[in-house]
1. Hey, among 51, 36, 61, which residue is more than 12 Å from the chain's Cα centre (by Cα), among the β-branched types (Val, Ile, Thr) and on the phi < 0 side of the Ramachandran plot?
2. Contact list please: Cβ distance under 9 Å, first residue in segment 41-60 and without any contact (Cβ under 8 Å) to a residue 60 or more places away in the chain and under 18 Å from residue 27 (Cβ atoms), second residue polar (S, T, N, Q) and part of a loop (DSSP other than H, G, I, E, B), pairs at least six apart or on different chains.
3. Filter segment 80-94 down to the residues that are touching a residue at least 12 places away in the same chain (Cβ under 8 Å) and aliphatic (A, V, I, L, M) and list them by number.
4. Got a sec? Which strands (runs of 3 or more DSSP E) wholly within segment 1-93 have at least 2 residues that are at pLDDT 85 or above?
Amino acid sequence: MNHLEQAKVILLAPKASLQVNARARELTNELQLVGIGVRMECLGSDSGKHIAEGLGMRFVISISDNSKAENEVSLMDLQENTEMTMPWDQAIFVIENVYPPANFT
């Protein structure tokens with residue numbers, strides 16, 4: 001892996017409530033703060049994976065419109081072919097472990 005490579009993710013957010021849109025904006029901001037490039041799409045999981053693969057992205061993050069899962073996202077690792085549901089801050093941590101930020105010490 002090239003450590004100079006920037007982490008980039010597809011963020012899937014349903015066209016749903018204002019609450020989901022607010023969570024998507026918050027997560028986008030958090031990802032960008034740690035140097036992770038974000039492309040937001042209002043697509044289903046399969047379409048999002050297809051776009052990510054075409055762009056050479058490893059990770060897809062999906063936000064649910066389920067109000068019970070307010071802090072949770074689905075993190076798909078296309079290289080490892082895995083998908084896990086976790087709090088969004090843990091998903092960021094997983095991505096940072098693969099692509100450490102430039103100022104990571």
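1. Working: 36 fails: more than 12 Å from the chain's Cα centre (by Cα); 61 fails: more than 12 Å from the chain's Cα centre (by Cα).
On inspection, the qualifying residue turns out to be 51.
2. What qualifies is 58/79; 59/79.
3. Listed by number, the residues that qualify are 86, 91, 92, 94.
4. Details: elements: 8-12, 37-41, 59-63, 72-77, 82-87.
Answer list for segment 1-93: 37-41, 59-63, 72-77, 82-87.
The values are calculated or read from the model by the stated rules, or taken from the named source; none is laboratory data. What you see is a predicted model, and the numbers here were worked out from it, not measured in a lab. Cβ sites come from the backbone with ideal geometry, for glycine too, and all protein chains shown count toward neighbours.
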